[in-house]
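Accompanying notes for the structure given below.
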Amino acid sequence: MRFRPRLQAAFLSALLTAAVLTPPAAQAAENPYERGPDPTNASIEAVRGPFATAQISVPASSVRGFRGGTIYYPTSTAEGTFGAVAISPGFTGTQSSVAWLGPRLASQGFVIITIDTLSPYDFPASRGDQLLAALDYLTTSSAVRTRIDATRLGVMGHSMGGGGSLEAAKDRPSLQAIVPLTAWNTTKSWSGVTVPALIVGAENDTTASVRDHSEPFYTSLPAAPGKAYLELNNAGHSAPTSSNVTVAKYSISWLKRFVDNDTRYTQFVCPGPTPSTTVEEYRSTCPFA
């Protein structure tokens, strides 16, 4: 009996040690949507990310609401399902003008579809509808639908396709993120859009000048849950239509942060880049909600 206090003390000490050394189970599963290793500047600037990818051609005859396209996707689902993003070209453009984004984004852990529009002359509202039709196809009837988490979706687009991404966000507020690239739209106020938006403009854009398009788009968006404005230094309207490290780096970071809720990428967009040879200006509502 006289040894019982000592035994009790030893037992309590063992319990406390175990509590300190054993991490809470909730921490390990804090964000089930994280995909891939911890990011670095080098990893998000690389031409390819950590995931091997494949692609599937989508004939126009097999879909409705858009004119077909190409799906790029990670070949392994060992880490789970992925968020998905639809990307539209601009006025008179085809999917080839945004094709470079397909494998680059997919290799970072997304299912991507670059689309052809019903007409190369479609205006932004129509392109917004087509982006949503492409997402619906991806998540319901495409060959990769089982690889996609239908609750984690986003859209991107160049020029009128970028204007279309704003239209899509207005029509479907459940989207997780949008990235309009040198976007063009006659509507300047998007105060009703509540989808986190990274607006990318170009300093020397004479087709969709930042003064008349990207800047008013950004200013009109509500601060919450998050928005950012990235202006490319000494770049023109077509800058996002060919491989561009700056466009890729911050698009990846924005999609990871908001489609995957992966706060490991917050460091790249909050507070964001300072002016440099590639970045003219960056603004955001950092810290994000």
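Checking TYR137, TYR121 one by one, the residue that is in a loop (DSSP other than H, G, I, E, B), in contact (Cβ under 8 Å) with a residue 24 or more places away in the chain and not aliphatic (A, V, I, L, M) is TYR121 and no other. Take the conditions (1) farther than 20 Å from SER251 by Cα; (2) of a type in the set (Gly, Ala, Ser); (3) buried (at least 21 other Cβ atoms within 10 Å of the Cβ); GLY109 misses just one of them, which is (1). Do the conditions hold for SER61, that is, is it at pLDDT 95 or above, assigned to a helix (DSSP H, G or I), surrounded by fewer than 24 Cβ atoms within 10 Å (Cβ to Cβ) and over 16 Å from the mean Cα position of the chain (by Cα)? Answer is yes for this residue. Residues in the stretch 156-175 that are surrounded by fewer than 24 Cβ atoms within 10 Å (Cβ to Cβ) and either touching a helix residue (DSSP H, G or I) at 6+ places or on another chain (Cβ under 8 Å) or outside any loop (DSSP other than H, G, I, E, B) (or both): LYS170, ASP171, ARG172.
Scanning the stretch 185-207 for residues that are in a helix (DSSP H, G or I), surrounded by 23 or more Cβ atoms within 10 Å (Cβ to Cβ) and among the polar types (S, T, N, Q) turns up nothing. Working only within the stretch 190-246, note down all residues that are within 18 Å of the chain's Cα centre (by Cα) and acidic (Asp, Glu). Within the stretch 190-246, just GLU231 meets the criteria. Pairs meeting the criteria (first residue in the stretch 271-289 and modelled with pLDDT of 95 or more and aromatic (Phe, Trp, Tyr), second residue exposed (fewer than 15 other Cβ atoms within 10 Å of the Cβ) and assigned to a loop (DSSP other than H, G, I, E, B), beta carbons under 9 Å, at least 6 apart or on different chains) are TYR282/PRO271; TYR282/THR274; TYR282/PRO275. Per the conditions (1) under 23 Å from HIS237 (Cβ atoms); (2) in a strand (DSSP E or B); (3) of a type in the set (S, T, N, Q), the sole criterion not satisfied by SER126 is (2).
For VAL179, indicate whether it is closer than 27 Å to ASP149 by Cβ and in a loop (DSSP other than H, G, I, E, B). Here the answer is no, as VAL179 does not meet what is asked. Kindly evaluate THR146 against the criterion of being surrounded by fewer than 23 Cβ atoms within 10 Å (Cβ to Cβ) and either in contact with a Pro (Cβ under 9 Å, 6 or more places away or on another chain) or not in a loop (DSSP other than H, G, I, E, B) (or both). Criteria met by THR146. Of the residues making up the stretch 78-118, those that are touching a Gly at 6+ places or on another chain (Cβ under 9 Å), in a loop (DSSP other than H, G, I, E, B) and farther than 26 Å from PRO32 by Cα are PRO89, GLY90, PHE91, GLY93, VAL98, ASP116, THR117, LEU118.
The values are calculated or read from the model by the stated rules, or taken from the named source; none is laboratory data. Not measured: the values here are computed from a predicted model. Neighbour counts are summed over all protein chains in view; Cβ atoms, including those assigned to glycine, are modelled from backbone coordinates with ideal geometry.
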